[in-house]
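The values are calculated or read from the model by the stated rules, or taken from the named source; none is laboratory data. A quick note: this is a predicted structure, and the numbers were derived from the prediction, not measured. Here Cβ is always computed from backbone atoms with ideal geometry, including for glycine, and neighbour counts include all displayed protein chains. Note: accessible area is taken over every heavy atom of the protein model, side chains too, but ligands, DNA and RNA are not part of it. Shrake-Rupley method; radii C 1.70, N 1.55, O 1.52, S 1.80 Å.
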Amino acid sequence: MIEIGAHVDLSHSPDRVWLALTDRELLGRWFAEADTVEGVPDRLVLHTAGLPGFDADVEVEVTERRVPELLVLRCDEAGRLTELTCAVTATKQGSRLTVREVPTHGSWSEEHHEPREQQLRQALTVRLPAILDWLAFQQVDLRRGVAGMTTELPVIGASGPAPARGRRRAAVAGLTGVVLVAGLVAWLTLPGEPEHSAAPTPTSTPTTTPPSMAAAAPTAQPKATPSARASRSVTPTTARPSRTPSATPSRTPTAAVPPPPPPLVARYDTDSSRLFGYTGEVVVDNPGPAPAEQWVVVVTLADGSSVDDVEGADWRQDGQAVTFSGLAVPAGGSRTIRFDVRDSRPKAREPEGCTVGGNPCAGL
């Protein structure tokens, strides 16, 4: 008898895991869409046709239920009958979910068994944790006071804003004091009015000058006039030569600047794929003669997707954009980045975009 089994440790309470198993809308988000059978309680039709290891839709009926510990289903897939058991046990970190499916009439072939079991493992380890995280934050927003939640957001108390207002008032008072001190210093350093009123003093000198000195004044003025004209005629001639040598050395180093190094290039490849995710790889090449210290690779994921694990680079995710950077790429060498993606699109095999230094990556 061929069985299918898998288990996963989750950082969520048994009640939340039970809700993800029994709520029809949530079940459709992480495993398969489900419809009720009219007139038959505790019976659903899972739309599994086309999923790996499934030939048709599966009709399920609840035969045993112990909230939130045990759920036993009788499954009928085009005449092939199985029993599916879902057991939820509490742990220190949250809970453990164990799923086991045993044929009761008919069996799977080898070509169906492996992809069916792989599809189940991927749904439990990739898609289900993402839906539970989403559900946890939905519950935190709606019911912050409920105890026993595994994922809880901090709540700022009513006394929180008061210190901020006190700091803001202190900052305003400090700034006002700085402005007043600066204004006082500027007022003290301003020149006084007596210095400007001293300018008319020379005009009174001719009135007190003796006739002998007044007669000598006209003889001094003609001597000063030629000297002033001579200084003007020399100024342009000395200024022109000074510009000529200054321009010549400035052009010389400009012509000696080496050309910029060639830009980095990158190529993308999907290393492996799953039902709801894949493992991507980006290889960054440096064709230049010197190491590339600063480089940035930006990978654009589908809406709702996220990166789980990264090798070969530092990274951060902001919405759909995941930015990678790291150690210098050696001259003539390369660096390889590998990352796992939880993708909301079934059977997705690649991201929506990839760039290095703003230039598109090859392979997409």
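Would segment 122-129 turn up any residue that is part of a helix (DSSP H, G or I), open to solvent by 30 Å² or more (accessible area, probe 1.4 Å), modelled with pLDDT of 85 or more and touching a helix residue (DSSP H, G or I) at 6+ places or on another chain (Cβ under 9 Å)? Yes, some residue in segment 122-129 is part of a helix (DSSP H, G or I), open to solvent by 30 Å² or more (accessible area, probe 1.4 Å), modelled with pLDDT of 85 or more and touching a helix residue (DSSP H, G or I) at 6+ places or on another chain (Cβ under 9 Å). Residues that are within 28 Å of Phe54 (Cα to Cα) and touching a Lys or Arg at 6+ places or on another chain (Cβ under 9 Å) are absent from segment 312-330 altogether.
Looking only at residues in segment 17-30 that are of a type in the set (D, E, K, R) and out of contact with any helix residue (DSSP H, G or I) (no Cβ under 6 Å at 6 or more places or on another chain), the one that is surrounded by the fewest Cβ atoms within 10 Å (Cβ to Cβ) is Glu25.
Confirm whether Thr48 is over 40 Å from the mean Cα position of the chain (by Cα), of a type in the set (Ser, Thr, Tyr) and either surrounded by 14 or more Cβ atoms within 10 Å (Cβ to Cβ) or part of a strand (DSSP E or B) (or both). Here the answer is no, as Thr48 does not meet what is asked. The condition of being touching a residue at least 24 places away in the same chain (Cβ under 8 Å), open to solvent by less than 50 Å² (accessible area, probe 1.4 Å), in a loop (DSSP other than H, G, I, E, B) and on the phi < 0 side of the Ramachandran plot does not hold for Pro103.
Criterion applied to Val341, Val283, Val329, Val297 was being under 26 Å from Pro129 (Cα atoms), open to solvent by less than 60 Å² (accessible area, probe 1.4 Å), β-branched (Val, Ile, Thr) and at pLDDT 90 or above, and the one residue passing it is Val341. When Ala302, Ala331 are checked against the criterion of being under 15 Å from the mean Cα position of the chain (by Cα), part of a loop (DSSP other than H, G, I, E, B) and of a type outside the set (D, E, K, R), a single residue qualifies: Ala302.
Only residues that are open to solvent by 30 Å² or more (accessible area, probe 1.4 Å) and either within 15 Å of Gly53 (Cα to Cα) or at pLDDT below 85 (or both) were counted across segment 80-92, and they come to 2. When you look at Arg66, is it open to solvent by 40 Å² or more (accessible area, probe 1.4 Å) and either on the phi < 0 side of the Ramachandran plot or not basic (Lys, Arg) (or both), yes or no? When the stated conditions are applied, Arg66 passes them.
Scanning segment 105-140 for residues that are among the aromatic types (Phe, Trp, Tyr) and under 18 Å from Ala6 (Cα atoms) yields a count of 1.
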